[in-house]
Amino acid sequence: MITCSRPLSIGTFSMSVLLMVASDVSGQMTPCGGPTLDPAPSITLTWPTGAGNGYQMQLDTTPFFSDPIYSSSFGSSSLSTNVALQYGKHYYWKIAPTFNGSWGAFSSPPCEFYTNATISAPTTAPNIGLPSEGQTNISGSTQLYWGAVGGSDSYDYQYSTSPTFSGASTTNTTGHSVFLSPLAVATTYYCRVRAKNSAGTGPWSATRTFYTQTVVTAMTLKVFLQGPLVIGTPSLMSDGLRAASLIPTNEPYSALGYTVRNNYNVALTPSLLSTAGNNAIVDWVFMEFMNGTNNSVVSSYAMLLQRDGDVVFPDGSAINMAFPMSSIKVAVRHRNHLAAMTNTPVTPNGTALTVNFTSTGTATYGTNAQYTSGAVAALWAGDCNGDGIVGYTGANNDRDKVLVAIGGVVPTASVNGYLREDVNLSGVVLYTGSGNDRDIILQTIGGVVPTNTRAQQMP
């Protein structure tokens with residue numbers, strides 16, 4: 001005889017049966033003859049196969065089966081089902097084979113068994129079926145479903161944004177399923193369930209983790225760089241790199257050691273480099289989107305900067321994406337400018353957002369994080385070595401990087417190219433003369449005391 005069973009804990013009958021060939025389906029059935037069984041931890045029903053190719057099984061609390069509490073038909077393969085059992089009950093069960101589509105007689109007399117009358121607190125935890133562990137993209141609400149625990153008459157459940165369920169409320173229900181609602185967007189949730197009866201409360205289930213969907217939000221993002229900035233009305237930056245055909249086709253930040261998480265080695269759309277005017281491309285910039293609570297980076301992109309300060313994707317499209325957190329801060333970096341980050345989180349909830357680093361009214365992290373001229377703000381220029389500090393003299397200063405780039409001997413020399421020492425992004429590195437890159441470094445540190453430095457304001 002081959003049997004397969006699932007545990008039946010206090011109040012739930014779980015059965016899975018595999019059938020084997022036998023000549024008489026009226027015998028060899030277990031349990032049978034009236035044993036008293038504890039609904040926990042398990043009950044196994046077995047019977048032999050007969051000549052039929054299918055079976056019907058009925059379970060009831062009377063030998064008459066006028067209204068069976070369970071009735072099902074199936075073939076010779078395994079069957080699994082759940083039947084609510086009670087303590088202190090007398091149960092009867094029987095089976096009948098089918099022959100070529102016709103039902104045979106039920107086994108007679110029916111088999112019978114009893115369940116223990118003693119009630120004890122549940123000792124097993126429910127198994128959560130839904131949501132699945134790590135399920136993502138849940139919107140608004142989700143079903144919390146769990147398997148029955150035998151002997152329980154109700155269940156407690158909790159859900160929380162805290163993995164320790166700190167401050168979470170406990171709700172009781174007699175069912176096996178509830179809907180968790182409302183759920184915040186872009187949020188990690190935790191849930192658990194435990195069984196109860198009049199004798200006490202069982203253990204909590206294993207914690208189930210799930211994630212709500214992120215919300216696609218359009219963002220207008222504006223940034224100025226001090227180096228190429230031309231103060232006017234309206235304020236614009238020069239596009240010398242584009243005019244000199246020096247802007248690289250693929251993003252340069254990965255090669256410089258930046259962690260480009262979301263579009264590593266992405267290429268721009270070449271036709272963008274033919275666009276002149278306010279939408280002309282100035283250079284690549286590196287954008288980071290941080291957790292609004294702890295400032296950890298959750299996504300990062302290489303993007304393009306236009307003359308009027310607009311930041312766009314490498315294909316020229318506006319920023320429109322699903323942000324990974326319900327509260328974010330935004331940071332902008334450039335290969336030879338000091339980075340800046342918003343100080344106040346914003347909520348990407350589907351409503352269009354504007355993050356404007358070009359406005360002095362936008363609060364940034366730290367102190368004096370950007371260069372300002374009137375109402376215009378821009379990233380500080382001159383970080384030629386990428387160490388987050390602009391220095392004019394002393395060890396590892398940025399002025400010497402400019403001198404070395406042009407040859408290190410003749411200060412009036414120059415060199416063309418896409419170079420970090422090209423502070424004003426003209427396409428030409430100059431140490432002296434009109435439009436040189438050295439003077440901007442001096443301006444960044446204050447313009448008076450050459451030993452001063454300016455440090456990047458980032459957490």
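With the cut-off at under 19 Å, measuring from each backbone N in the range 156-196 to a point 7 Å along the Cα-to-Cβ line of N291 picks out 160-167, 184-191.
Please list 313-320, 139-146, 373-380 highest first by mean number of surrounding beta-carbon atoms within 10 Å per residue.
Values: 313-320: 14.8, 139-146: 16.8, 373-380: 18.9.
The densest-packed peptide leads the list: 373-380, 139-146, 313-320.
Shown is the FRET efficiency for A218 and Q135, computed with R0 = 22 Å from the Cβ-Cβ distance and rounded to the nearest 0.05: 0.25. Fewest neighbouring Cβ atoms within 10 Å first, the residues I445, I119 line up as I119, I445.
Note on the chain: Cα convex hull, mean projected area over all directions, 32.3 nm².
The label-point distance for T61 and T207, in a model that sets each label 7 Å from Cα toward Cβ, rounds to 4.0 nm. Only aspartates and glutamates eight or more places from K401 in sequence, or on another chain, were considered; those with a Cα closer than 12 Å are D383, E421, D422, D437. Listed by chain and number, the lysines placed with their C-alpha closer than 23 angstrom to that of K329 are K222; residues fewer than eight positions away on the same chain are left out. Ordered by the count of other Cβ atoms within 10 Å of each Cβ, fewest first, I128, I69, I441 give I69, I128, I441. Can you tally the net charge around Y253? Count Lys and Arg as +1, Asp and Glu as -1, for every other residue whose Cβ sits under 13 Å from the Cβ of Y253. Taking every other residue near Y253 into account, the sum is +1.
Placing dummy labels 7 Å off each Cα toward the beta-carbon, the span from S166 to D387 is 4.0 nm. For the chain, which span is the longest to avoid every loop-located (per DSSP) member of trypsin sites (Lys or Arg not before Pro) having at most 14 other Cβ atoms inside 10 Å? With a cap of 14 other Cβ atoms within 10 Å, the longest stretch comes to 262-459.
Please give the length that would be gained between Q143 and A255 if that part of the chain were fully extended, namely 0.36 nm times their separation in residues minus their C-alpha to C-alpha distance (nm, one decimal). Contour length minus Cα-Cα distance gives 35.7 nm. Footprinting exposure proxy ranking of H90, H176, fewest other C-beta atoms within 10 angstrom first, gives H90, H176.
Throughout, read-outs are computed from the coordinates displayed, never taken from laboratory work. Keep in mind the model is a prediction, meaning the values are calculated, not measured. Virtual Cβ from ideal backbone geometry, glycine too; neighbours counted across all protein chains shown.
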